[in-house]
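K.L.:
Take this structure first; my questions come after.
None of the figures in this text is laboratory data; all of them are computed from the coordinates on show. Model, not experiment: these values are computed from the prediction. Backbone-built Cβ (ideal geometry, glycine too); neighbour counts: all protein chains shown.
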Protein chains: 2
Amino acid sequence: MSAPGRPTSKDVAQEAGVSQSTVSLVLGGKWTGRVSPATARSVRSAAERLGYRPNPAARNLRLGTTRTVLLMVPTLTAPFFGPVYTGAARVAARHGFGVVVATWPDDMNGPVGDACPGPPSYTPPDGPFASPDEAIDGVLASSMAVEALARFRETPAVMLDSGPNTPAGLAPHAAGPGAPGSSGHGPGGAGGRLVPTVDFGVAEGMRGIAEHLAGLGHRRIGHVAAAVDQWTFRARARALAAAVAAVPGGVLSRSMCAIDATSAKNAAGRLLDRADRPTALVCDDDLIAAGAYKAARARGLDIPGDLSVTGFDDVLLATALEPELTTVRLPAEELGAQGMTALLDLLSGRRPAPRVLPGELIIRDSTAPPPP
Amino acid sequence: MSAPGRPTSKDVAQEAGVSQSTVSLVLGGKWTGRVSPATARSVRSAAERLGYRPNPAARNLRLGTTRTVLLMVPTLTAPFFGPVYTGAARVAARHGFGVVVATWPDDMNGPVGDACPGPPSYTPPDGPFASPDEAIDGVLASSMAVEALARFRETPAVMLDSGPNTPAGLAPHAAGPGAPGSSGHGPGGAGGRLVPTVDFGVAEGMRGIAEHLAGLGHRRIGHVAAAVDQWTFRARARALAAAVAAVPGGVLSRSMCAIDATSAKNAAGRLLDRADRPTALVCDDDLIAAGAYKAARARGLDIPGDLSVTGFDDVLLATALEPELTTVRLPAEELGAQGMTALLDLLSGRRPAPRVLPGELIIRDSTAPPPP
DNA sequence: CTGAAAGCGCTTACAG
DNA sequence: CTGAAAGCGCTTACAG
């Protein structure tokens, strides 16, 4: 038996009869031409025998890097973010990076700067700086405003599904009305620095839905819109309005709701109770579409015979509904993957170009020509 | 201007005209009685002025702790795991811990021990040990077998939704049939060490459903079961079988499926096409119940008039369906919170008792007396 | 081809 | 009440 704790590179060196430097070189994979193959072999076997794993804290300190990226999402409860994480983690792992996820603004306001409240079962040995949030090399921020990056002034960041960034130094909302059109383009500024973006082609997707409906013969369109302050929903509303305006005789009505079935049912109901009832309901989200289904059924309206309904996102729910939902598939996992790729590029000094991932119109059974 | 990089405690010390030790004491909150209030104040203001944030890698190295916990889940795509994370992260944050999530067995087989494949956009400076997986103080493993902990021999761990652990040294599946009944009880062993558990009262939940159905008058029950090798599904099947057997005249048929609407629709269809068609379908999962709805509708069967259907979990989908689904609510966020609490206890040397969180029967509109 | 040494930024005895 | 020093476990010039 040697030391009690977990073995260090020093232990491996001793076991192999070499110096710590040699161990580091060999295990770090930069030994070719500098260490003899025989020595390398013996180092490896010593490491294996001891079950050696390098201490990441020590490496991080030495290297000034943590090989960890923070993924910020508004919530993990929405089915959309699981795949985003999965895509990001997949490419991160390929490059030896880990992904930490945090929800914002929720738990980012956690322990930083506060005394630890309540009766702690484990008392932190440190006071105001307990948050581990800072131990990261980069951040991926999904579906939020640039403000979210305020606390990461120095940290390389990529914005996902957050729209084209506003000009340097401007608050993003202030620039809202005048912002460049529909599709997410161009790196912009968060407090003056450039932040690469990866977005969905939300506008094209919404236009696809509008054209599909118009092609079927619909003219009176109702928009059941999510009352959520995110770029993607603003873009959806804008694109739908533009697309309906382009249809001769096209008329758009709108009703807002929260993203849950009950709220959506009520909002859709308001539209359906109008004298000039729409023949098609375009919903901002698949779950909202489920609410629209309920509103329709409550009024004895058949889908798609009396009323066409569309969703957005194509989550599992879309095919669980009956009839199955016509919707736009958003490649969420791809968003995470491309975002991570962009961030890794940024980390190695490149300037990733902004990317837009097209959505795909998925026509199922919830859309048909309007009743005569 | 002083040094270029981010300020260190040494910089703060210099700025405040004190030593590094004093800075550490003050900022670490352990100065009372050891540093004069005036000095403490000046240290704090110097830190603020410089925008000082301690380097977590250095602290981790010094302390031998990372204040980071790994949450392992089978997938982030299922709607169940978002809340688990949220609950765990909430209590972690209160104690200055962060939560990293990893899916297993998927991305845990990542870069460890492999050369980095493909054309890396960022070449890791280190070879075989690139994985950050080890930089953790503890692990929370949800919905998986004890084997998942094999690579964390020394790391404190808590198993969530994974059932009562098997006796020390035994593979968990080997012990399956003879394992102690239905509800998740008792710390067990993973390769000889004790692992605390937090589970749902799945058996009680399933029994609640069976009794609800029996009370309505149902005798022929069909089980649309998830073909997924997880404790929770084995427990659901076992509990339902026992509960139906306890009903005079109770008869149980079963059909297996994957957890998706199409597979579930087919499995439910097989049950509905039998000569002795069940009058109620008990589904292992809300999404499976959605598939059962489709099978029923395809056969012109009204829910709940001709057929009662129940789900399990109570995810968003349950109220998006029509009729709204009778199901069992599982407190997923609470599972994460309690699991993290147990892990924190473990980390501070306590032995958390095993916990079982009761499910709640939610009666909605998908269940009614069987047709005459 | 190999080793001795410095140093990343902290925290914590220890001495005064 | 305050400071000088050691050391956590790595990696990387630098010397041989």
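K.L.:
Label-to-label distances across copies for residue A:277, with labels 7 Å out along Cα→Cβ, in nm, shortest first?
P.N.:
Label-point separations across copies, in nm and ascending: 3.1.
K.L.:
7 Å along Cα→Cβ for the label point: how many nanometres lie between residue A:154 and each equivalent label in the other copies, listed shortest first?
P.N.:
Spelled out, the distances from residue A:154's label point are 3.1 nm.
K.L.:
Sticking with this structure for a sec: Any idea how far apart residue A:266 and residue B:155 come out in nm if each label point goes 7 Å out from Cα toward Cβ?
P.N.:
About 4.5 nm, to one decimal.
K.L.:
Taking 8 Å as the Cα distance limit and 6 or more residues as the minimum spacing, I'd like the relative contact order of the stretch B:9-54 as a percentage. Write down the numbers at each step before the final one.
P.N.:
Numbers: 34 pairs, mean separation 20.1, N = 46.
Relative contact order here is 44 percent.
K.L.:
While we're here: By how many nm would the segment from residue A:350 to residue A:58 lengthen if fully extended, with 0.36 nm per residue of separation less the alpha-carbon distance?
P.N.:
Contour length minus the Cα-Cα distance gives 102.4 nm.
K.L.:
Still on this structure, I have one more. Given labels modelled 7 Å from the Cα in the Cβ direction, how far is it in nm from residue B:299 to residue A:38?
P.N.:
In this crude spin-label approximation the distance works out to 7.6 nm.
K.L.:
Taking 8 Å as the Cα distance limit and 6 or more residues as the minimum spacing, I'd like the relative contact order of the stretch A:191-266 as a percentage.
P.N.:
36
K.L.:
Can you give me the long-range amide H partners of residue A:364? Hydrogens built in the peptide plane at 1.01 Å from N, cutoff under 5 Å, separation of 5 or more residues or another chain.
P.N.:
Close amide H contacts, sequence-distant or interchain: A:326, A:327.
K.L.:
Just to confirm the filter: which trypsin sites (Lys or Arg not before Pro) across the stretch A:289-372 are DSSP coil and have at most 16 other Cβ within 10 angstrom of their Cβ?
P.N.:
The qualifying sites are A:299, A:350.
K.L.:
Could you tell me the center-to-center distance, by alpha carbons, between the stretch A:246-324 and the stretch B:308-366 in angstrom?
P.N.:
Cα centroid to Cα centroid, the span is 30 Å.
K.L.:
Estimate the FRET efficiency between residue A:216 and residue B:360 by the formula 1/(1 + (r/R0)^6), using the beta-carbon distance for r and 41 Å for R0, to the nearest 0.05. All intermediate terms of the calculation are to be shown ahead of the outcome.
P.N.:
Values: r = 44 Å, r/R0 = 1.07.
Using R0 = 41 Å, I get an efficiency of 0.40.
K.L.:
Given R₀ = 35 Å, FRET efficiency for residue A:306-residue B:258 by Cβ-Cβ distance, to 0.05?
P.N.:
0.55
K.L.:
Restricting things to Cα coordinates, could you compute the convex hull volume per residue of the stretch B:220-333 in Å³?
P.N.:
97
K.L.:
Can you compute the charge dipole magnitude of the stretch A:202-330 about its Cα centre, using +1 on each Lys and Arg Cβ and -1 on each Asp and Glu Cβ, nothing else charged? Give it in debye, rounded to the nearest 20.
P.N.:
480
K.L.:
If you add up the charges near residue B:79, with Lys and Arg at +1 and Asp and Glu at -1, over every other residue whose beta carbon is less than 11 angstrom from its beta carbon, what do you get?
P.N.:
That works out to -4.
K.L.:
Where the label is 7 Å out from Cα toward Cβ, how close does residue B:38 come to the same position in every other copy, in nm, shortest first?
P.N.:
6.9
K.L.:
Counting only residues 5 or more places away or on other chains, whose amide H sits under 5 Å from the amide H of residue B:359 once H atoms are built in the peptide plane?
P.N.:
Result for residue B:359 returns B:201, B:205.
K.L.:
If you don't mind, another one. Which cross-chain or sequence-distant (5 or more) residues have an amide H under 5 Å from the amide H of residue A:140, H modelled 1.01 Å from N in plane?
P.N.:
Amide H neighbours of residue A:140, under 5 Å, 5+ apart: A:70, A:71, A:72, A:158.
K.L.:
Below 8 Å, C-alpha to C-alpha, sequence gap of six or more: please give me the relative contact order for the stretch B:273-371 in percent. Please report the intermediate quantities before stating the final value.
P.N.:
On the way: 153 pairs, mean separation 31.7, N = 99.
This gives 32 percent for the stretch B:273-371.
K.L.:
Can you tell which of B:24, B:46, B:12 lies farthest toward the positive end of the dipole of the stretch B:9-54, using +1 and -1 charges on the Cβ of basic and acidic side chains (Lys, Arg; Asp, Glu)?
P.N.:
B:24
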